[in-house]
Amino acid sequence: MEKIPMTPTGFAALEAELKQLKAVERPAIIKAISEAREHGDLSENAEYHSAREKQSFIEGRIKELEGVLGLAEVIDPTKLAGSIKFGAKVTLVDEDTDEEKTWQIVGEHEANIEKGLLNIKSPIARALIGKDEGDSVEVRTPGGEKSYEVLKIEYS
């Protein structure tokens, strides 16, 4: 199996979610199923069917998280330097609009574009890998061609 690159922060967040699901969500749904069973006829019991559906989702998410965490390769960006690679926090300027953006390149399971966490497999991240400050980057995105200049690279 292929290792899944992840930052320490992303690994900790997934671990916390797994603990929450196992310690809080799973026992709560088991209790809800038990209570719904006490209401009688299960074939017409909406509470029971809803609880079973939620249980299925929770168990699936637990299995997914256990698999991801088992294959995780935690990479500490503070120990890296140089050109852009996994874990880098990159400040870019859009060469057309002069708009500045800062993204950190992270693993796909911790990516969140609203929080500035860019999936390593995204077109922008792939184009940035190996670049240095001052380099110009051409990126083909679903919205068309974009040109960026790398202003700053940080590893923190």
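Of all the residues in the stretch 98-115, those that are within 14 Å of residue 152 (Cβ to Cβ) and either surrounded by fewer than 19 Cβ atoms within 10 Å (Cβ to Cβ) or charged (D, E, K, R) (or both) number 3. Within the stretch 118-129, if we keep just the residues that are under 20 Å from residue 74 (Cβ atoms), without any contact (Cβ under 8 Å) to a residue 40 or more places away in the chain and not in a helix (DSSP H, G or I), the residue that is least open to solvent (accessible area, probe 1.4 Å) turns out to be 118.
Report yes if residue 71 is within 21 Å of residue 20 (Cβ to Cβ), in contact (Cβ under 8 Å) with a residue 24 or more places away in the chain and out of contact with any Leu (no Cβ under 9 Å at 6 or more places or on another chain), otherwise no. Against the criterion (within 21 Å of residue 20 (Cβ to Cβ), in contact (Cβ under 8 Å) with a residue 24 or more places away in the chain and out of contact with any Leu (no Cβ under 9 Å at 6 or more places or on another chain)), residue 71 qualifies. From the list 35, 53, 95, the one residue that fits, being more than 17 Å from the chain's Cα centre (by Cα) and in contact (Cβ under 8 Å) with a residue 40 or more places away in the chain, is 95.
Of all the listed residues (81, 12), the sole one being without any contact (Cβ under 8 Å) to a residue 24 or more places away in the chain and within 30 Å of residue 133 (Cβ to Cβ) is 12.
The values are calculated or read from the model by the stated rules, or taken from the named source; none is laboratory data. Since the model is a prediction, treat every value here as computed from it, not as a measurement. Neighbour counts run over all protein chains shown; Cβ positions are idealised from the backbone, glycine included. Accessible surface areas use protein heavy atoms only, side chains included; no ligands, DNA or RNA. Shrake-Rupley method; radii C 1.70, N 1.55, O 1.52, S 1.80 Å.
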